[in-house]
1. May I ask you to evaluate 6.51 cos²θ - 1.76 cosθ + 1.60, the Karplus curve with θ = phi - 60°, for each residue of segment A:195-209 and list the ³J(HN,Hα) values in order in whole Hz, giving x for glycine and proline?
2. Output the 0 to 90 degree angle, nearest 10, between the alpha-carbon long axis of helix A:396-407 and the longest principal axis computed from the alpha carbons of chain A.
3. Mind checking which aspartates and glutamates have their C-alpha under 19 Å from A:K84, skipping anything on the same chain fewer than 8 residues away?
4. Can you give me the C-alpha center-to-center distance between segment A:72-122 and segment A:323-338, rounded to a whole angstrom?
5. Explain nothing, just compute: Karplus ³J(HN,Hα) = 6.51 cos²θ - 1.76 cosθ + 1.60, θ = phi - 60°, for every residue of segment A:141-147 in order, whole Hz, x for Gly and Pro.
6. Calculate the radius of gyration of the Cα atoms of segment A:22-116 to one decimal place, then report Dmax, the largest Cα-Cα distance, as a whole number, both in Å.
7. If I stretch the segment between A:S316 and A:L546 completely, what's the gain in nm (0.36 nm per residue apart, minus their alpha carbon distance), one decimal?
8. What list do you get for A:F112, A:F163 if you sort them by fewest beta carbons within 10 Å?
Amino acid sequence: MGAHRPRRPAPLGPGPLTPSRVARVLPDEPAIDRAFDYLVPDSVGPVEVGDVVRISLHGRRVGGWVLDADAAPPPGVTLRPLAKRSGLGPPPEVIDLASWAAWRWAGRRATFLRTASPPTVVPRRPRRADSGPPVAIPADELVTSALDARQAVLRLPPAADVFPVVLAAAARGQALVVAPSVATARHLALRLRRAGIDAAIHPRDWARAAAGTTVVGARAAAWAPAPDLACVVVVDEHDEAHQEERAPTWSARDVAIERARRAGVPCVLTSPAPSLEALGWGRLVAPSRGTERGGWPILDVIDRRHDDPVKAGLWSERLVPRLRGDGTVLCVLNRTGRARLSACVACGELARCARCEAAVVHQPDGTLACRRCDAERPALCLACGATRLKHLRVGVTRAREELEALLGEPVVEVTGATADRELPSARVYVGTEAVLHQVPSAQVVAFLDIDQELVAPRYRAAEQAMGLLVRAARVVGARAGGGRLVVQTRLPRHEVLDAVLKADPGRLAAADDARRRALRFPPHAALAEVSGAAAGALIEALGRPLGIDVLGPDESGRWLLRAADHQVLADALAATPRPAGRLRVAVDPPRV
DNA sequence: CGGACAAGCTGA
DNA sequence: CAGCTTGTCCGG
């Protein structure tokens with residue numbers, strides 16, 4: 001990618017007048033992924049690469065970023081003057097990083113530069129931060145060896161605190177810490193300050209990061225300015241929150257890795273269950289088996305292979321006693337509504353959509369809704385008119401009703417929809433995985449149907465199920481404190497459960513890696529999902545380049561591109577002009 | 001993106 | 001052919 005631009009040759013001798021410099025500016029309009037040249041009038045003053053400026057483009061004023069402060073314009077175009085310099089923007093190395101990310105995730109540079117820019121005007125480069133007196137850090141051998149390895153994956157069990165890693169990183173100079181959520185980032189920054197280390201939160205404290213202060217933030221922090229960058233830490237690198245959902249679907253972990261590589265500084269990724277991408281990138285550093293084991297909760301596997309598949313409900317007789325007692329209990333079932341699959345009690349006919357024949361969801365209000373075409377209808381059998389339906393695959397709403405009856409005490413339902421309300425206090429909660437976010441701690445977390453996660457038709461299903469178990473492990477805490485996870489399964493030997501049972505995530509990684517290699521899934525291939533009205537046009541423009549498999553379209557008009565690696569995939573996408581119309585290109589789609 | 005302009009459709 | 005919509009092009 002073109003990090004090198006033609007430089008204007010030095011003028012031969014003094015001219016009659018000092019000619020105005022020419023700045024090359026990328027407009028802050030993601031749809032216009034093209035730079036334009038402007039004269040820099042004396043009234044505007046000097047501009048530097050990365051500065052945020054205003055330009056008039058085609059008769060309107062728009063913002064933009066200086067990509068080159070001394071450009072050689074193509075001959076024969078009359079240049080307009082820059083309207084003004086607004087202030088400081090991303091430093092040159094971040095501008096280059098944005099170009100790389102635009103290539104890597106088939107996006108536009110402006111999208112990344114927005115993320116990398118200060119939220120309010122920063123007129124001048126702030127004075128270098130005074131690093132203050134050195135802070136004495138208790139030496140942690142594991143953390144030190146991870147930082148010294150320069151490219152390390154530090155596998156710490158769920159109950160372990162990552163703060164010592166962040167602290168040791170910040171003690172080495174300006175650290176860039178990328179956390180999976182804003183809340184985690186804030187908390188880490190607060191603890192750094194308590195430990196006597198100044199910490200900026202991205203993007204709010206952009207100017208302080210630009211002055212060399214250690215910076216902490218959620219995924220956008222991968223784009224924070226860092227003039228004195230000494231090391232990069234990505235907390236919980238396995239967490240899907242590091243990836244942007246909207247296209248370009250960039251991953252803060254991968255941006256952080258590339259950034260550290262370019263800066264030549266150490267990069268440490270932490271995770272209780274590192275992704276295969278991480279393991280393929282860096283050296284694994286882990287505590288002793290005993291220490292690691294101690295940081296995981298106990299796992300109770302309830303084997304349901306011999307339960308009658310028709311009669312067995314959600315609540316096996318081995319599960320219910322574990323839900324009694326006086327500790328807080330969370331039951332996780334990733335299905336909303338009353339039932340995801342129902343059949344007529346009278347004639348056995350499956351409840352399906354009258355319009356498109358997809359299975360319908362029994363909603364809390366009693367109606368049946370189609371998730372494919374959004375049609376709604378009353379709950380009755382289309383074949384025989386009977387009004388009684390049997391719930392074959394119970395959802396959270398129904399599960400709550402059933403558990404309340406079983407336990408004879410109040411049970412509270414928790415879903416994504418309850419996130420903004422205060423939960424009624426109770427001992428027992430039933431919910432989707434949202435329950436793991438909304439209830440801070442518990443004695444027991446029970447996964448009512450973990451098989452749904454284990455065998456989900458997605459190549460990352462095992463890793464995602466592991467992510468859920470890690471989250472649950474943090475809610476219940478370490479085994480020494482009585483933390484306990486319970487799973488009901490017909491796959492008691494599944495490698496995810498095996499890994500948690502033995503507190504050894506390496507067991508999962510080995511099995512998952514072999515499977516993905518055999519099926520040519522990432523990290524042994526690079527994928528991109530192409531969708532939207534203009535998807536077909538892009539596929540046509542792409543043609544059949546060597547090394548790219550074009551799969552699809554599926555029933556909703558989506559294609560999947562597969563290449564041996566990201567170099568091949570990104571080069572092919574970069575060489576294809578983007579057609580007009582709605583188009584989404586999701587590189588590294590998390591749910592395929 | 002959004003303005004400019006050209007080509008296409010409609011109504012009397 | 002004015003008056004309008006729709007599409008394509010292009011910006012320094």
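1. With coefficients 6.51, -1.76 and 1.60, one gets 7, x, 10, 5, 9, 9, 10, 7, x, 4, 9, 3, 5, 6, 5 Hz.
2. 40
3. Excluding near neighbours in sequence, the set is A:D28, A:E29, A:D37, A:D42, A:E48, A:D51, A:D68, A:D70.
4. Value for the Cα centre distance between the two parts: 49 Å.
5. With the stated coefficients, segment A:141-147 comes to 4, 5, 5, 4, 5, 5, 5 Hz.
6. Over segment A:22-116's Cα set, Rg and Dmax evaluate to 12.5, 39 Å.
7. Numbers: separation 230, 0.36 × 230 = 82.80 nm, distance 5.31 nm.
Full extension from A:S316 to A:L546 adds 77.5 nm.
8. A:F163, A:F112
Since every read-out is calculated from the coordinates, none of them should be taken as a lab result. For clarity, every value in this text was computed on a predicted model and none was experimentally measured. Because the Cβ atoms are built from the backbone with ideal geometry, glycine has one as well, and the counts that use them run over all protein chains shown.
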